[in-house]
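J.: Take a look at the following structure, please.
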Amino acid sequence: MSYLSNCFILLIPVFLWNVIFADKLPELYRRNNFWNNIPDFIKILENILRIIVFFFPLFLKLEIKELQQKIGLLIYVAGIFVYFMSWLMQVYFPGSSWSQSVMGFMAPAYTAIIWLTGIGLIGKSPFLKIPYHYSIYIIFSVFFVVIHSIHSFIVYLKTRI
């Protein structure tokens with residue numbers, strides 16, 4: 001198996017989506033606003049977890065052989081759909097009651113756990129001969145999404161004060 005068929009490939013649609021639509025999001029999501037006045041420990045922890053969650057898939061084999069991996073693929077596809085829809089709501093309906101609500105505003109942050117879990121279930125086997133269980137990636141993903149969601153909640157609160 002080639003090192004090129006790794007789970008990092010599953011992140012490419014997310015990266016492309018973010019590049020295409022980031023400038024279309026409402027002003028609060030823009031980098032200069034989203035990262036403004038966020039506690040340093042949140043920034044640092046979020047970025048450390050982001051590095052782990054987004055680079056570790058390079059070391060996971062992309063295989064869809066076992067039932068768990070097939071379920072993971074379904075969760076990944078459903079998660080990508082939900083995640084993309086959460087962005088589209090903010091891009092095309094920023095004034096809607098959903099987009100203005102805390103759940104709607106934070107949806108691009110917390111819905112990532114769905115597709116990240118899918119990647120974790122698909123990437124059962126690392127290329128390296130190390131002890132590994134897929135739950136390790138999912139646990140790091142949960143921590144990342146929790147911190148990212150806290151960050152998003154802080155940004156949301158700034159709009160209400």
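J.: Within the bounds of the stretch 127-134, is there any residue that is among the aliphatic types (A, V, I, L, M), in a loop (DSSP other than H, G, I, E, B) and over 21 Å from A78 (Cβ atoms)?
T.: In the first step, residues of the stretch 127-134 are kept if they are among the aliphatic types (A, V, I, L, M); the result is 128, 130.
So of that shortlist, the ones also in a loop (DSSP other than H, G, I, E, B) come out as 128, 130.
Filter once more, keeping what is over 21 Å from A78 (Cβ atoms): 128, 130.
Yes, the stretch 127-134 has at least one match.
J.: Let me ask another. Which residue is surrounded by the fewest Cβ atoms within 10 Å (Cβ to Cβ), if the candidates are limited to the stretch 101-137 and must be modelled with pLDDT under 95 and polar (S, T, N, Q)?
T.: Within the stretch 101-137, the match that is surrounded by the fewest Cβ atoms within 10 Å (Cβ to Cβ) is S135.
J.: Which one of these is closer than 22 Å to S152 by Cα, under 16 Å from the mean Cα position of the chain (by Cα) and among the β-branched types (V, I, T): V91, V82?
T.: Numbers: V91 fails: under 16 Å from the mean Cα position of the chain (by Cα).
Of the residues listed, the single one that is closer than 22 Å to S152 by Cα, under 16 Å from the mean Cα position of the chain (by Cα) and among the β-branched types (V, I, T) is V82.
J.: Determine, yes or no, whether P108 is more than 28 Å from L4 (Cβ to Cβ), outside any helix (DSSP H, G or I) and in contact (Cβ under 8 Å) with a residue 12 or more places away in the chain.
T.: Details: more than 28 Å from L4 (Cβ to Cβ): yes; outside any helix (DSSP H, G or I): no; in contact (Cβ under 8 Å) with a residue 12 or more places away in the chain: yes.
Spelling it out, it is not the case that P108 is more than 28 Å from L4 (Cβ to Cβ), outside any helix (DSSP H, G or I) and in contact (Cβ under 8 Å) with a residue 12 or more places away in the chain.
J.: What is the one condition in (1) touching a Ser or Thr at 6+ places or on another chain (Cβ under 9 Å); (2) of a type in the set (K, R); (3) modelled with pLDDT of 95 or more that R50 does not satisfy?
T.: For R50, the failing item is (1).
J.: Something else: Specify which of the listed residues (I122, I150, I138, I154) is among the aliphatic types (A, V, I, L, M) and within 12 Å of the chain's Cα centre (by Cα). It would help to see each step written out before you state the result.
T.: Numbers: I122 fails: within 12 Å of the chain's Cα centre (by Cα); I150 fails: within 12 Å of the chain's Cα centre (by Cα); I154 fails: within 12 Å of the chain's Cα centre (by Cα).
Matching residue, one of I122, I150, I138, I154: I138.
J.: Filtering the stretch 90-104 down to residues that are part of a helix (DSSP H, G or I) and touching a Pro at 6+ places or on another chain (Cβ under 9 Å), which residue is farthest from R160 (Cα to Cα)?
T.: If we filter the stretch 90-104 for residues that are part of a helix (DSSP H, G or I), which is where we start, we get 90-92, 97-100, 102-104.
Next, only the ones that are touching a Pro at 6+ places or on another chain (Cβ under 9 Å) stay: 90-91, 99-100.
Details: Q90: 17, V91: 20, S99: 14, Q100: 10 Å.
For the stretch 90-104, the residue satisfying everything is V91.
The values are calculated or read from the model by the stated rules, or taken from the named source; none is laboratory data. For clarity, every value in this text was computed on a predicted model and none was experimentally measured. Using ideal geometry, Cβ is built from the backbone for each residue, glycine included, and neighbour counts are taken over all protein chains shown.
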